[in-house]
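Since every read-out is calculated from the coordinates, none of them should be taken as a lab result. Everything numeric in this text was worked out from a predicted model, so none of it was measured. Heads up, the Cβs are rebuilt from the backbone with ideal geometry, glycines too, and the neighbour counts pull from every protein chain shown.
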Amino acid sequence: MSDSLLLVGGGKMGSALLSGWLARGMAPQEVRVIEPNAEAAAHYDATGVAIGAAADSIPVSARPHTILFAVKPQVMDQVVPTYHRFAPHALFISIAAGKPIAFFEKHLGADSAVVRVMPNTPAAVGRGMSVAVANQTVTVGQRSRASGLLEAVGDVAWIDDESLMDAVTAVSGSGPAYVFLLVECLAEAGITAGLAPELAMQLARQTVSGSGELLHLAEEDAATLRRNVTSSGGTTEAALKVLMGEPGLMELMKRAIDAAARRSRELAS
């Protein structure tokens, strides 16, 4: 195991990442998963990857080239220090919200190569958005390696200013919840307008998911696509006058993003 990948945490995001790696041709022998929960670990039996319960289950001779932390922020203080013996050889990647690069440098050493990432839940279907920031120790090759691992579950963008991660968290990290709320609101409004609940939800779900796929495939930007749907004097225009009025959806979204970013800063302090 001199040239391998350690995935620390076998939850939903860890599972999504592993599925993406294996689907892209990574050999199961290249990966070791550390998951203390026996029930969660059992889900990996069919993958062929090695499973361990903690860092001390890793062979002393092991020198993994990458260690990706996919555990909850609440347990990072207990988990991260147990991987200090792999520094500074390994690249450390964290997808935990609210844990700054300085946290990992404190526990793993100032000379450790650290990449902090904010992914989002559409990674579970290969349509995620991950934003990454690296410390100065990370090499060009390690940055490329991190990109390759993250691209297995969606798009990747890099930033140079770590303080922007609060805004990233507010927009894309928490963003799927806003979209799901939109579906709920559309369905509820449809019910109020007289539709049966099942039909209202079907219309809302398919409209949002279909529109997302259209946006994904279209060359036009979102504003152009919106205008394409909006006929002068039509039903869409009537609705948009409400949504784009005062305070309107734009103002509400700005307030929501500000609240999420503010909370992100609080969690990191």
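Quick look at the numbers
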quantity: Computed magnitude of the charge dipole of the chain (debye, nearest 20; Cβ of K, R +1, Cβ of D, E -1); calculated: 300 debye
quantity: Net charge contributed by nearby residues that have their C-beta within less than 15 Å of residue 231 (K/R +1, D/E -1); calculated: +2
quantity: For the range 103-243, alpha-carbon Rg and Dmax in angstrom; calculated: 20.1, 63
quantity: Shape of the range 194-261, Cα gyration tensor, a/c cut at 1.5; calculated: rounded
quantity: At 1.002 mPa s and 20 °C, Stokes diffusion of the range 25-160 via Kirkwood alpha-carbon radius, µm² per second; calculated: 138 µm²/s
quantity: 0 to 90° range, to nearest 10: angle between helix 248-268 axis and the chain longest Cα axis; calculated: 20 degrees
quantity: Calculated FRET value between residue 53 and residue 136, using beta carbons and R₀ = 30 Å, to 0.05; calculated: 0.30
quantity: Cross-link partners of residue 106 among lysines (Cα-Cα below 29 Å; sequence separation of 8 or more within a chain); calculated: 12, 72
quantity: Spin-label model distance (nm) - residue 252 vs residue 236, 7 Å beyond Cα toward Cβ; calculated: 2.0 nm
quantity: In Å, descending, principal axis extents of the Cα set of the chain; calculated: 71, 39, 33
quantity: Rounded tilt (10° steps) of 140-150 against the dominant C-alpha axis of the chain; calculated: 60 degrees
quantity: Per-residue [θ]222 nm for the chain (sum of -39500 (n - 2.57) over DSSP H runs n ≥ 4, rounded to 500); calculated: -13500 deg cm²/dmol
quantity: Antiparallel bridge percentage (DSSP; both residues within the range 5-169; nearest 5); calculated: 15 percent
quantity: Furthest towards positive pole of dipole, 183, 121, 133, structure part the chain, Cβ charges; calculated: 133
quantity: Cβ crowding within 10 Å averaged over residues, with 137-145, 111-119 ranked highest first; calculated: 111-119, 137-145
